[in-house]
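The structure under discussion appears below in the form of structure tokens.
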Amino acid sequence: MARFFSFLRSVFLRLALLALVVLVFAAFYMDAWLIEKLNAKQWTVPATVYARPLEVYAGQVLSQEAVVNELKAAGYRSMMGRQAGTFTVAGNTLTVHLRPFRFWDGLQPAQSVSLTFAGDRITAVRSSRGRAADVRLEPMEIGRIHTETQEDRLLVRLQDVPQHLVDALIITEDRYFYSHHGVSPRAIVRALFVNTREGKVVEGASTLTQQLIKNFFLESSRSYSRKLMEILLAVLLEIHVDKKAILGAYINEVFVLQDGAKAIHGFGLASQYLFGLPVSSLSVEQGALLIAMLKGPSYYNPLRFPERALERRNLVLKLMAREGRLGAREAEIAMSKPLGLLDRKEMLASYPAYLDVVRRQLRRDYSDESLRLDGLRIFSNMDPQWQWRSQRELQQGIMQLESRYAAKASGIDGAVVAVDHATGNLLAVVGGKASRHSGFNRALDAKRPIGSLVKPAIYLAALGGGYTLSSQISDAEFSMKTHNGTWRPQNFDRQYHGDVPLYLALAKSYNVAAVRLGMTLGIGQVSKTLGRLGVEEALPQLPSLLLGAVELSPMQVAQAYSTIANAGFYTPLKSIREITDGKGRVLKRYPLRLEQRFSPDVIYLLDFALQQVIREGTGSAVREQFRPGVRPAGKTGTTNDQRDSWFAGYDANKSVVVWLGQDDNRPLPVTGGSGALPVWAGVIAGNTAIEGRANVPDNVRMIWIDRHSGLLSAEGCPDAMLIPYTAGTEPTESVACATTSHKVMNWFEKWFQ
Amino acid sequence: MVPVKYARHLIPVALFSLLSGCVSNTGREEEKPVDIYDQLKNNNVQYVTEEQVPESGPEYVRLNMVEARAAYFRKDFVNVTKYCNRTLTVAPATAEAYYWLARIAVDQNDFQQAYTMASKGLTVVKDPNMKAELQRIQTMTQMGSR
């Protein structure tokens, strides 16, 4: 018997020794593995995209309501006090307590700014920092470009986290954090005791270190082997890093809540998301709510189950008071406060079409890897006022059509692109009437026949080739043989108008005149002109091109019309102005670059003709919507069977393109003038920038002519109108009404030129 | 020395010259453009904005241009661009903004861009001195010199 026990003892000792050796080897292996993972681990921090910052100045045309809307969208709250991230309205004075914000050109420190309004205008700007000329409101975040895992976080440092939040975390999740070495035997024993007493698992024993290991390095499967690994790695981790580092990692890694497809990790982003505040500004009860959610992010989601979340939050506050981390009175006050969540209506707005443009521009310059890991900050050109107005006008326009035309208008959708043509900045991109939802981006991807929008290219080619605005163009019946048979273009009114002045043919959008002129100039010439305007697309070299049988997206049309609007200077449209890394270093700028593609005098003439479209042509329905002094210009576009309704136009500094149509290409009950035009007018009439059109070029003269015959006339004569001509192309013959004094003045002027 | 006997033939020529000189110069002294470079350096340019609505904030534009000038003379091109772009967003007919962008392009030896910026400025310029300066940039960039 003794020998048997001796034998057993010997086997047991050998097995124990073997197990020890295996454990030691495993520990070494896992230690090496852990070190490698620690060195390689990078948080996936998505790139953040911001709208343009709102620069405010005295004399600016901007209403108080518009400023408040932007502040709310940037997460600012209306409340008394001077806390950063808040604003107050007192009559016609708006006081904003700006948070510090790192722009691409440096940090703008926190400051208080006071704006005084008179009607729709800012009359005074005062800053607590003195330099009122340089005040920019914090730009709103318009989206994030995520990783494949859809994790979203805002990295914060431990020292930025308030102590009460850390205390609440330790008390609730790992009360022995500072005394254990990765695993807490006391917590295990306690959990065993409580769970046995309750008859179910009500208390966990995992330390913060174990939770970090599980989330950071391991899969979420439940098995004994995984648990064993977790324990071992937790012990090893505590050997390699100190408690502060573990805590710092935890507060950035912990999963807090789900927002659709996006998983919000870390207290930094959770704080912004739920309260609109940086984590450093959280109050005791706000911090307690974040901690309360950790036990069950879905179950305690305050957006869906506010009562549950409130109850759990108060439990955390009671715990803090019991452990002496919070005074009894303080805890009572905190428990009496509501959840205090941000009103997410303003922040829920999403701009998928604009973000799509940003992504595509980024893809040209950055790999997907850099976008995922670097936490880039992308400052875009999106102007929230223009974006909101474009979305609103498109939606309202479509709704009105649906209510007027019922079944015929069901399924109508559209797109809007708004551009600051002096700088090429894309101000707004709307990809559909359901603008908040991502999906088919019609602004970029709906390539549709442009119809009469092509005509300015024909007339531009003509004006550059010796024609004048009063050149008589034939609108007589026209036909030609093609390989498909006889092609006989028709005007919209099914009539022919004989000889008409060039400007009128464009203003009234006569198809036949455009085709005749285009055929005379040559399709190649028209095609080349479209290319110079910025259309980078293979164009069909067919007569049908002259009636717009070429498919372009609204963005491509916007590029072309911006060149016209910008006095013949081409600048590529851009959605991004600057990109910085997470530390604020500028990685890329997108400066203004111009290319002069047309001479100013020819463009000036075309611009005049496009203004006539609004004054007396197919766009005249909206003429009265513009304030005096504004000279809008543009072109309607309607395709065959009215399948597309377009309007592309501009004023002194903004260009807007609107397209309406059905995705399945069914005919519309509207034309360019009755569909897209009112939407366009609603968008562009809100332009508040300082007017400033190009000068009359030096070699262009304004001459009185007879509007029908194109002959010289004089001021006061019937049917006389003032039309620009490049020097040397003015008509020489006059109508009878032209006065003698006019002829003498012309003679004198010729001598002294 | 012209012989006296031919002098009488010169009288009508002299009279004609005198008359044409009078007519062409009646009341209008041709103004030579002032070198605006020095004026800009000392910030004493009159900011003329005829087509701009006066109450829409030219003060903001003026302040931005003052900053742009100062930034240019300390060779801080990043800020020059910033202030010029800000101005053009609000007041696109500000020729001076194009002027500074053209000067930066010259300093960076991007003569094509300098010429284009100057050309754009010329489409909106009102001040004759600024106009002359923009034309000077056009000329010197065509010649490829500073």
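Points worth noting:
- As a size descriptor, the averaged projected area of the C-alpha convex hull of region A:1-83 was calculated at 13.9 nm².
- Antiparallel bridges, percent of DSSP beta bridges restricted to chain A (to nearest 5): 90 percent
- Using R0 = 51 Å, the C-beta based FRET efficiency linking A:Ser336 and A:Arg666 works out to 0.30.
- Divided by 2.2 N^0.38 Å, where N counts the residues, the Cα radius of gyration of region A:562-657 comes to 1.41.
- A:Leu228-A:Leu192 pseudo-label distance in nm [points 7 Å out on the Cα-to-Cβ vector]: 1.8 nm
- Altogether, the Stokes-Einstein calculation at 20 °C and 1.002 mPa s, with the Kirkwood radius of region B:94-142 over Cα pairs as Rh, returns a diffusion coefficient of 216 µm²/s.
- Over 24 Å [Cα-Cα, region A:426-532], rounded percent: 38 percent
- Peptide B:91-97 is shielded by partner chain Cβ atoms: per residue, an average of 5 of them sit within 10 Å of its Cβ.
- Shape call, region A:248-307: gyration tensor on alpha carbons, a/c limit 1.5: rounded
- Counting Cβ atoms of other protein chains within 10 Å of each residue's Cβ and taking the mean over peptide A:567-573 gives 2.
- Each residue of chain A gets 234 Å³ once the volume of the Cα convex hull is shared out per residue.
- Average other protein chain Cβ within 10 Å of Cβ, residues B:106-117: 2
- Per-bin percent of Cα-Cα distances, region A:634-683 [10 Å]: 31, 50, 17, 3
- Of the cross-linked pairs A:Lys408/A:Lys528; A:Lys262/A:Lys574; A:Lys243/A:Lys337; A:Lys214/A:Lys588, those separated by over 30 Å at the C-alpha level are A:Lys408/A:Lys528; A:Lys243/A:Lys337; A:Lys214/A:Lys588.
- Three semi-axes describe the equivalent ellipsoid of region A:546-595; taken as square roots of 5 times the Cα gyration tensor eigenvalues and ordered largest first, they are 31, 14, 6 Å.
- Share of pairwise Cα-Cα distances greater than 19 Å in region A:390-447 is 36 percent (whole percent).
- For region A:609-653, the convex hull spanned by the alpha carbon atoms encloses 77 Å³ per residue.
- For region A:96-192, the set of chymotrypsin sites (Phe, Trp or Tyr not before Pro) satisfying both a DSSP loop assignment and a count of at most 10 other C-beta atoms within 10 Å is given as A:Tyr178.
- J(HN,Hα) series, region A:629-637, from Karplus relation 6.51 cos²θ - 1.76 cosθ + 1.60, nearest Hz, glycine and proline x: x, 7, 10, x, 9, x, 8, 7, x
- Solvent-free Debye calculation, one equal scatterer per alpha-carbon of region A:627-718: log10 I(q)/I(0) at 0.11, 0.15, 0.17, 0.21 Å⁻¹ equals -0.51, -0.78, -0.86, -0.95.
- For region A:311-320, backbone phi angles converted through the Karplus equation (6.51, -1.76, 1.60; θ = phi - 60°) give residue-by-residue couplings of 5, 5, 4, 5, 5, 4, 5, 5, 4, 5 Hz, Gly and Pro being listed as x.
- Residues whose amide H lies under 5 Å from that of A:Lys588, counting only those 5 or more places away or on a different chain, are A:Ile579; hydrogens are built 1.01 Å from N in the peptide plane.
- Shown is the FRET efficiency for A:Gln159 and A:Phe217, computed with R0 = 22 Å from the Cβ-Cβ distance and rounded to the nearest 0.05: 0.30.
No value in this document is a laboratory result; all are computed from the given coordinates. For clarity, every value in this text was computed on a predicted model and none was experimentally measured. Cβ atoms come from the backbone with ideal geometry, glycine included; neighbour counts cover every protein chain shown.
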